[in-house]
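The values are calculated or read from the model by the stated rules, or taken from the named source; none is laboratory data. Since we're looking at a predicted model, the values are computed, not measured. Methodologically, a virtual Cβ is constructed for each residue, glycine included, from the backbone with ideal geometry; neighbour enumeration extends over all protein chains shown.
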Amino acid sequence: MKNIKILLVDDEPDLLEVMGSVIRGWGYDLITAVSGKEAIEMIKAKRPDIIVLDYLMPGMDGIATLKEIRKFDKKIPVIMFTAYPDKIIKGTEKLGISALIPKLSTYSDVSASLKSTIDMIIKSIPK
């Protein structure tokens, strides 16, 4: 089986560094983007298998980014990271979000939730 490519999208450099290191440590190929616009460019150029997308970003937020992604890729699994897990994100069921993971702070350990979600998604990817 090919190595899984994960695109991590977040406007916080500390989170990209910490979570990126964790994801690479799990053995996945990592691609990063600091904005929705850059994420869309990376998806078209690098064709990741899974996207981990921050909900709240300046400019194009995670929902706007995902709406653009869905215009050209309806099936790519997307894990939405949010610092506002109590906020109801209306209309997201139509966007095909695979999971919503709370991001409590830049340094909080969300790696167990992220790893189990990635593993679940990988099992569902046709071989």
Quiz item: How many residues does the range 44-78 hold that are in a helix (DSSP H, G or I), surrounded by fewer than 22 Cβ atoms within 10 Å (Cβ to Cβ) and touching a Phe, Trp or Tyr at 6+ places or on another chain (Cβ under 8 Å)?
Solution: 2
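One line per residue, one yes/no per condition, for (1) small (Gly, Ala, Ser); (2) out of contact with any helix residue (DSSP H, G or I) (no Cβ under 7 Å at 6 or more places or on another chain); (3) in contact (Cβ under 8 Å) with a residue 24 or more places away in the chain:
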position	(1), (2), (3)
VAL9	no, no, yes
LEU16	no, yes, no
MET19	no, yes, yes
GLY25	yes, yes, no
SER35	yes, yes, yes
ILE40	no, no, yes
LYS46	no, yes, yes
GLY59	yes, no, yes
LYS71	no, yes, no
Exercise. Show the residue pairs that are 6+ apart or on different chains and have beta-carbon atoms under 7 Å apart, the first residue being within the range 112-127 and in contact (Cβ under 8 Å) with a residue 60 or more places away in the chain, the second being of a type in the set (S, T, N, Q) and buried (at least 16 other Cβ atoms within 10 Å of the Cβ).
Key: ILE121/SER98
Quiz item: What is the number of the single condition among (1) crowded, with 16+ Cβ neighbours inside 10 Å; (2) under 23 Å from ASP119 (Cβ atoms) that GLY27 does not meet?
Solution: (1)
Exercise. Please determine, by comparing only the residues of the range 66-95 that are farther than 14 Å from LEU8 by Cα and hydroxyl-bearing (Ser, Thr, Tyr), which one is modelled with the highest pLDDT.
Key: TYR84
Self-check item: Number of the exception - PHE81 against (1) more than 19 Å from SER116 (Cβ to Cβ); (2) not in a loop (DSSP other than H, G, I, E, B)
Solution: (1)
